[in-house]
Amino acid sequence: MMPSGLRRIGIALACIGSFLTTPVFAEYADVVLNRMAEKEGMRPVIFPHWFHRIRFRCKVCHAELGFKMRAGSNLVTMGDIIDGKFCGACHNGNIAWAPENCDLCHSGKPGLPPGIFGGHDTNGPGRW
Amino acid sequence: MLGFTRTRLLLIAASLTASLCWAASGWAPLADDGLHDPNGPGIRLLQQPGDALSNLPGDTAGNNVHWIPALQKGVIVPREKIGKDTPVRRYDRDVFLNLYGSMPAVRFPHKPHTEWLDCSNCHDQLFKPKAGANQISMFVILQGQQCGVCHGAVAFPLTECRRCHSVANDLAQRLAAEQAIADAQPDAHARLEQMRREASVPLLPSPKGTP
């Protein structure tokens, strides 16, 4: 009686706990870029792979545009973006909407660490 | 006491149904995904994953999208380059790995990989371009290296063992052996073509009237 009661409390606490700590149900392969954004007073940036890979193959970003395949390893500044580098190679008002739409990229919750998310099955290199 | 337990049971039931709802719907709304700020001004403008992904060929892992048929059947038409002069490189060759392990052999297909990726995404940083020249291991893959750079991060996750370990060991050994024989005779195809042409000479009307 006692052990099973305790176990139930444990499970209940775990469930409540998981709600309190806001479980992450991020879409697979979402990347948070936040090396500087929050320090500079902006929300963290969320880059959705699922949205972009419908429109572009990996090689466009990871070979042609030179994004290194390691979350947090690319030092992206707004200066670069406005100069047409990184996100700015497309977000230039031509291939995609222009950098003035700050809130579409800077859409993350405050306090998110840079990294790859959504790996509910395996956590991915950024997390190992 | 009873009421207390019942509350707890209700909580458990509630959280179980909550997680079942997540599992059933597949794609969480952005406002609840733990990443997007539900109070931010951007959230209403962004597309919900489910709105885009539910129209694509389904799967049971990762984005719940079977990306290879989505691309090959033209359901999605992602651009392959931005610059006019950027070369597009494709390669169609299977490499069979792990022919003698406890798991079925691994078939690495270049074709679907090079439809998405450029050679430089793997060669020579991750893998030397020579069959057997790399010490690939499941342990290292699970650390997020080698195949695990992409699988487990963006491409289908490592829980899907049989998609990589997909060929019976004895069959993979025979296929690899056949490949080696064909490779050892790089002119085999040309010679075959030549023979066919020669054999059919008498049957063809000669273009300039000469035999």
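At a glance:
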quantity: Chains B and A together, accessible area buried on both sides, 1.4 angstrom probe, square angstrom; calculated: 5100
quantity: The range B:93-178: trypsin sites (Lys or Arg not before Pro) in DSSP coil with no more than 16 other Cβ atoms inside 10 Å; calculated: B:Arg93, B:Lys130
quantity: Over 26 Å between alpha carbons, listed pairs A:Lys59/A:Lys109; A:Lys68/A:Lys109; A:Lys68/B:Lys73; B:Lys84/B:Lys130; A:Lys85/B:Lys128; B:Lys73/B:Lys111; calculated: A:Lys59/A:Lys109; A:Lys68/B:Lys73; B:Lys84/B:Lys130; A:Lys85/B:Lys128
quantity: Shape category assigned to the range B:54-167 from the gyration tensor of Cα positions, a/c cut at 1.5; calculated: oblate
quantity: Where the range B:94-199 is the region considered: accessible area per residue in Å², 1.4 Å probe; calculated: 62
quantity: Shielded residues, the range B:140-160 - accessible-area loss of 40 Å² or more between chain alone and all protein chains, probe 1.4 Å; calculated: B:Leu142, B:Val149, B:Gly152, B:Ala153, B:Val154
quantity: For A:Asn74, residues with placed amide H under 5 Å, excluding near neighbours; calculated: none
quantity: Rounded to whole Hz, the Karplus (6.51, -1.76, 1.60) HN-Hα couplings of the range B:48-56, x for glycine and proline; calculated: 7, x, x, 5, 8, 7, 5, 8, 9
quantity: Tensor-based shape of the range B:141-199 (alpha-carbon gyration tensor, a/c under 1.5 rounded, otherwise prolate or oblate); calculated: prolate
quantity: Gain in span if fully extended, B:Lys130 to B:Val77, counting 0.36 nm per residue against the direct Cα distance; calculated: 16.0 nm
quantity: Cβ-based net charge around A:Phe56, under 15 Å, with every Lys or Arg adding one and every Asp or Glu removing one; calculated: +2
quantity: Dipole magnitude of the range B:94-199, debye to nearest 20 (Cβ charges: Lys/Arg +1, Asp/Glu -1, about Cα centre); calculated: 140
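The values are calculated or read from the model by the stated rules, or taken from the named source; none is laboratory data. Keep in mind it's a predicted model, so treat the numbers as computed, not measured. Because the Cβ atoms are built from the backbone with ideal geometry, glycine has one as well, and the counts that use them run over all protein chains shown. With ligands, DNA and RNA removed, areas are computed over all heavy atoms of the protein, side chains included. Shrake-Rupley method; radii C 1.70, N 1.55, O 1.52, S 1.80 Å.
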